[in-house]
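Structure first, then comments.
The values are calculated or read from the model by the stated rules, or taken from the named source; none is laboratory data. Everything quoted here is computed from the prediction, not taken from an experiment. For neighbour counting, all protein chains shown are included, and Cβ atoms are generated from backbone atoms with ideal geometry for every residue, glycine included.
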There are 4 protein chains.
Amino acid sequence: MAALFRATGSVLHRCSKHGNVALASSRSMASKTPVGFVGLGNMGSPMAKNLLKHGYPVIATDVFPVSCKELQDLGAQVVESPAEVADKADRIITMLPSSPNVIEVYTGPSGILKKVKKGTLLIDSSTIDPTVSKEMAIAAEKMGAVFMDAPVSGGVGAANLAKLTFMVGGVEEEFTAAKELLSSMGANVVYCGPVGTGQAAKICNNMLLAIGMIGTAETMNLGIRLGLDPKLLTKILNMSSGRCWSSDTYNPVPGVMEGVPSANNYQGGFGTTLMAKDLGLAQDSATSTKTSVPLGSLAHQIYRMMCARGYASKDFSSVFQFLREEEGQ
Amino acid sequence: MAALFRATGSVLHRCSKHGNVALASSRSMASKTPVGFVGLGNMGSPMAKNLLKHGYPVIATDVFPVSCKELQDLGAQVVESPAEVADKADRIITMLPSSPNVIEVYTGPSGILKKVKKGTLLIDSSTIDPTVSKEMAIAAEKMGAVFMDAPVSGGVGAANLAKLTFMVGGVEEEFTAAKELLSSMGANVVYCGPVGTGQAAKICNNMLLAIGMIGTAETMNLGIRLGLDPKLLTKILNMSSGRCWSSDTYNPVPGVMEGVPSANNYQGGFGTTLMAKDLGLAQDSATSTKTSVPLGSLAHQIYRMMCARGYASKDFSSVFQFLREEEGQ
Amino acid sequence: MAALFRATGSVLHRCSKHGNVALASSRSMASKTPVGFVGLGNMGSPMAKNLLKHGYPVIATDVFPVSCKELQDLGAQVVESPAEVADKADRIITMLPSSPNVIEVYTGPSGILKKVKKGTLLIDSSTIDPTVSKEMAIAAEKMGAVFMDAPVSGGVGAANLAKLTFMVGGVEEEFTAAKELLSSMGANVVYCGPVGTGQAAKICNNMLLAIGMIGTAETMNLGIRLGLDPKLLTKILNMSSGRCWSSDTYNPVPGVMEGVPSANNYQGGFGTTLMAKDLGLAQDSATSTKTSVPLGSLAHQIYRMMCARGYASKDFSSVFQFLREEEGQ
Amino acid sequence: MAALFRATGSVLHRCSKHGNVALASSRSMASKTPVGFVGLGNMGSPMAKNLLKHGYPVIATDVFPVSCKELQDLGAQVVESPAEVADKADRIITMLPSSPNVIEVYTGPSGILKKVKKGTLLIDSSTIDPTVSKEMAIAAEKMGAVFMDAPVSGGVGAANLAKLTFMVGGVEEEFTAAKELLSSMGANVVYCGPVGTGQAAKICNNMLLAIGMIGTAETMNLGIRLGLDPKLLTKILNMSSGRCWSSDTYNPVPGVMEGVPSANNYQGGFGTTLMAKDLGLAQDSATSTKTSVPLGSLAHQIYRMMCARGYASKDFSSVFQFLREEEGQ
């Protein structure tokens, strides 16, 4: 029920607790009131397009005029700043590269919070430090707005196909409202807990993913060196306790699977530099919570080394190639 | 020539390819000629019992009289030494704790090779260094016998239920003969390649398993510290790219799954000390083949630390507990 | 103008380059104007006492009344808040446990910057994130004050004996003024570069120290297991390329040296929990500068594990004991 | 006293226990009886030359005729096989690349033990697995000969200048005899304990060296990224607890020191591939003694990665360069 009243903000929402039949008629209309979108990059652009496809009027902005122009041609209204977006929309989605960008877009001189209206729902789909998410939530709350973190998994392909998974952190009563919007852009919308837990889930998944990928790469390499056929070894692992997503769905060894980056010289997919960034967030979170994450930490260092050695833009499964090269001299 | 004297050996097997109805009757009979068994420990004992259940006469030996007595009561013939076993059986299975035991049992003063008959099929199900397997194969070949390595996965429970998986390395023509026997003790018998590749497959699987387990443990711990519910985090990982056997089948966090060691104070299962041993074999193999296995190497060190800190006999998923303890003051 | 009100400040210092005999008499007197001190913990307390010993009037504050009382009895003036300290002194030293405390003491509601006078010299001897040091410097500059970071090495013993080493970051022209004060509390005062480089030097040293200590511990342990006498091995390492501070000055193996924590059940010295904190700062710095620090990162994880396993308050050389324990059954 | 009788072997030595004044005159002469030398590579060749310089007749062999020819021109007698060397000399030094070579040269078909005389002193200066040293000692003892392990530190430069350090393991009574010979080739000859402890000391030193070097490299890299001048940081580390041989004697950062490989594009020095080999020996020893060596293990993996990425023949301090490269795009 909560989401029905989103359009008119949290004040009404609070009213709804007292029962308010009169508002029911405004609901369906409400759900197609304008949605703000800040950050039209590789991920944000297809996400905003999917909102348009679902009939939402979109008020968008980005620092790159080209990105804005493209969305404008598809029917979006382009404005100058996040503040202006906040002036015109009471549901806003942000999709930005990193923590400093999020801080700027929300709390900067022309940021969202300069003009945010009471009751506005702010959904940040960037992958950032959970502590920054919490700070933004507190800042938003001071202005009477609601902030939720909703990072995604799935990459550009899933963004185009509206097949993203959203991991959502924030006040539970607002989840339905968030889910309504996010469902236009994704196939799964999972509620994770208080603000920051969406980021936590994302970071945890990607840390384990990186560990599994490097582990699979070194295991396959060792097996090959010991005389095993890589396809046979993959089959054995996948029917045994070594099985993981990197072995059965995204195998890093060229020739084992089709349709994955390892079959295409490690192009496309999820770049090493992006994985290194997510692992950095995991390290920051582990350090601040005094949690021992030995393999996650080493995985981070390995992806850092790869970035330093020319692998920055290759898919993260190229760690197989990085470890593999034959010994010279 | 080598297999000539083994009733179900490769010569008959080869003949059978040309159609040989006349031999069919001798083959089934042949298959119930005595089978030797050396090593009646936690794993070997139930394996030998399953051979008895399938109607094979068993000629057994072990250094512990108690183990021998138990099998004798079930109908096995107990003899004094591996050499005597070799004197009485032309198919022999060995199941021993480590490389030195295997060397002793095969090449020692009262070892199998002292009395092995030409054509005998020797199947070693111990988990040992693949280079030792190769040495045993060469030594066996000099005596006209055939050696195969066939380590298992599955643990004591699977051994009892005849549900083990055997990973078999050796001459391909002998695989059918080996498979016939091993099928009495296991649900899967996989041919891996030349001698040593059975060990290689086992070692590779367990290295990736250890990496996945530690990775899952530290990821779950981090997630919990960041405010996520462990069951919810497990669900998210398992529908995402962090999924692995340790997260979806053998979760190390108490309360997440039933029927796994983490639900029973990490009792039963696969002991930390055994995992440390297998990781040591992986390290030896990686070192001798000059293969870089950074996470496998760190996993080895972590299981070593755990052995030194009182976790030797707990299930290897207790790494969650090892990493978890709260910081004291 | 900034330094105008600080007797030995940079304006005078700059003047002195042009020769200014007239000022000479005021400078020595000036140097005995009051010095503020915030943070009277294990380190801060003996540091403040040394200032008193050198004749500086001290205006101090701390959250713990007991610490204040002790210093008051020695002649210091105790006030209620950092803001009050700033009101009464134009040279202030802060010595606090971690970044959040520094932020609070400088920028909080009753923080130094609320009442800081133009030209005040602020010296922070806490070990914190260099980025926080930079933020404090910017905040101080806005108020016309000068902020320098000056973390120490040497521990409580060195603090008592005024034998600390200060690593100082900040505007070079202010270094002489800082050095004058710090020399009352330390034997070495080293200028490192712009604000934050004092912290950088401290963090770098401690990261390499941790690596050397763990490396020494595991090397000694391995040598002992291989049959070497620990004293002999220490001698060999120290005359060879394995030599490091942890092997030749602070050996972690009981019985090798006297007067070090390993000779006293790892009591005293530099606590594991403090080392873990410094390694966390190193990780944060490495992550934010995208620097690969594989051993530093693993060292951090090992000290984290130790904290979780009861070693938090032991000297950091107890890693030898942590790694050493015999394998149980 | 023991060494005096070396020339005429252990039988005399045993006699000496009963007093034998008559032999005294043979001693000094005895010390210039022929010395055998097997293995004339980069290290062995200058070592053998130094024996010649000190007046020892040398009986040498090597698989490479060129190496033999060079030594022959300097006065050595060249023979066909290790067995022949053993036939003509009762003190023999071996200097070989790895364990399999040592096994072959001692126990192979034309190996030393085929013709070794009773009482012969066998000194192996190769760096190999201590367990192989022990096996060789047992095999030698069966033939009435004495085997000692005496690996060196110091590299080709020290070999040329007779400045090597020998770490000697073996029966203590034979040490004086060994020392007499080794002193012709080295500046330090250290007795370490029973057979194998020479190797143990060498392996331990090099493991700690590798840890210190990588630690120094990553610390310097981090410091530079944080704005510190590398020379200043080196100075600070060297006056603090971060000090180690790699920071104060063999700094890996170009421009910090002269006369070290980092000043010469990492040419010369101690090759990465050799360090990787020694770390492999350390791992084998740690695994077989169940010793946890987390940093040593990771150091091994890093040098393995470097070998795979083109650093095999560069000095091991090039790990600074390996970690350093700027992130590409």
* Asked: Within the stretch D:143-156, can you find the residues that are assigned to a helix (DSSP H, G or I) and either within 18 Å of D:LYS115 (Cα to Cα) or in contact with a Lys or Arg (Cβ under 8 Å, 6 or more places away or on another chain) (or both)?
  -> none
* Asked: How many of the residues in the stretch A:232-251 are basic (Lys, Arg) and closer than 11 Å to B:CYS192 by Cα?
  -> 1
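Results for (1) in a helix (DSSP H, G or I); (2) more than 21 Å from D:LYS32 (Cα to Cα); (3) in contact (Cβ under 8 Å) with a residue 24 or more places away in the chain, shown as yes or no for each residue.
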position	(1), (2), (3)
D:PRO100	yes, yes, no
D:LEU113	yes, yes, yes
D:LYS117	no, no, yes
D:GLU141	yes, yes, no
D:THR165	no, yes, yes
D:LYS179	yes, no, yes
D:CYS192	no, yes, yes
D:VAL195	no, yes, yes
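Conditions (1) charged (D, E, K, R); (2) closer than 28 Å to D:MET213 by Cα, marked per residue:
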position	(1), (2)
C:PRO151	no, yes
C:GLY155	no, yes
C:ALA159	no, no
C:LEU182	no, no
C:PRO194	no, yes
C:GLY215	no, yes
C:GLU218	yes, yes
C:LEU222	no, yes
C:LEU226	no, yes
* Asked: Can you tell me which residue in the stretch A:286-295 is farthest from B:LEU295 (Cα to Cα), limited to those that are assigned to a helix (DSSP H, G or I) and polar (S, T, N, Q)?
  -> A:SER288
* Considering only the stretch A:169-196, state which residues are away from chain B (no Cβ under 11 Å) and hydrophobic (A, V, I, L, M, F, W, C). => A:VAL171, A:PHE175, A:ALA177, A:ALA178, A:LEU181, A:LEU182, A:MET185, A:VAL189
* Assess whether B:PHE175 counts as being in a helix (DSSP H, G or I) and either at pLDDT 95 or above or among the aromatic types (Phe, Trp, Tyr) (or both). => yes
* To do: Being of a type in the set (Val, Ile, Thr) and free of Cβ contacts under 8 Å to residues at least 24 places away in the same chain is the filter; apply it to the stretch C:249-304 and report the residue that is farthest from the other protein chains (Cβ to nearest Cβ).
  => C:THR249
* State yes or no: is C:ILE214 in a helix (DSSP H, G or I), within 7 Å of another protein chain (Cβ to nearest Cβ) and either among the polar types (S, T, N, Q) or touching a strand residue (DSSP E or B) at 6+ places or on another chain (Cβ under 7 Å) (or both)? => no
* Restricting attention to the stretch A:261-290, and to residues there that are farther than 13 Å from A:MET213 by Cα and among the β-branched types (Val, Ile, Thr), which single residue is surrounded by the most Cβ atoms within 10 Å (Cβ to Cβ)? -> A:THR287
* **Total residues in the stretch B:305-329, condition within 11 Å of chain D (Cβ to nearest Cβ) and in contact with a Ser or Thr (Cβ under 7 Å, 6 or more places away or on another chain)** => 5
* Asked: Hey, any hits in the stretch A:9-23 for a residue that's under 15 Å from A:LEU181 (Cα atoms) and at pLDDT below 95?
  -> yes
* To do: Inspect all residues belonging to the stretch A:209-225 and state whether any of them is under 28 Å from A:MET305 (Cα atoms), basic (Lys, Arg) and surrounded by fewer than 24 Cβ atoms within 10 Å (Cβ to Cβ).
  => yes
* Asked: Is it the case that some residue within the stretch D:221-233 is in a helix (DSSP H, G or I), within 7 Å of chain C (Cβ to nearest Cβ), under 24 Å from B:SER292 (Cα atoms) and not aromatic (Phe, Trp, Tyr)?
  -> yes
* Could you tell me whether the stretch A:308-316 includes any residue that is over 18 Å from the mean Cα position of the chain (by Cα), modelled with pLDDT under 95, closer than 23 Å to B:VAL293 by Cβ and in a helix (DSSP H, G or I)? => yes
* Could you tell me which residue of the stretch C:151-168 is farthest from C:SER125 (Cα to Cα), considering only residues that are within 12 Å of chain D (Cβ to nearest Cβ) and among the aliphatic types (A, V, I, L, M)? => C:ALA158
* Structure fact -> Among (1) at pLDDT below 95; (2) under 25 Å from A:VAL319 (Cβ atoms), D:GLY268 falls short only on (2)
* Asked: Considering the stretch B:200-211 alone, what residues qualify as being over 12 Å from B:VAL319 (Cβ atoms) and at the interface with another protein chain (Cβ under 8 Å from one of its Cβ atoms)?
  -> B:ALA200, B:ALA201, B:ILE203, B:CYS204, B:ASN205, B:ASN206, B:MET207, B:LEU208
* Which of (1) in contact with a Pro (Cβ under 6 Å, 6 or more places away or on another chain); (2) crowded, with 24+ Cβ neighbours inside 10 Å; (3) aliphatic (A, V, I, L, M) does B:VAL256 not meet, given it meets every other one? -> (2)
* To do: Give me a count of the residues in the stretch B:64-92 that are surrounded by fewer than 23 Cβ atoms within 10 Å (Cβ to Cβ) and part of a loop (DSSP other than H, G, I, E, B).
  => 6
* Structure fact -> Going through (1) in a strand (DSSP E or B); (2) at the interface with chain A (Cβ under 7 Å from one of its Cβ atoms); (3) not aliphatic (A, V, I, L, M) one by one, B:SER240 fails only at (1)
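Condition check ((1) in a helix (DSSP H, G or I); (2) within 22 Å of the chain's Cα centre (by Cα); (3) outside the structural domain of C:SER99 (by TED's automatic domain parsing); (4) farther than 30 Å from A:ASP129 by Cβ) across all residues:
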| site | (1), (2), (3), (4) |
| --- | --- |
| C:SER246 | yes, yes, yes, yes |
| C:TYR250 | no, yes, yes, yes |
| C:GLY255 | no, no, yes, yes |
| C:SER262 | yes, no, yes, yes |
| C:GLY268 | no, yes, yes, yes |
| C:THR273 | yes, yes, yes, no |
| C:LYS277 | yes, yes, yes, no |
| C:LEU281 | yes, yes, yes, no |
| C:ASP284 | yes, yes, yes, no |
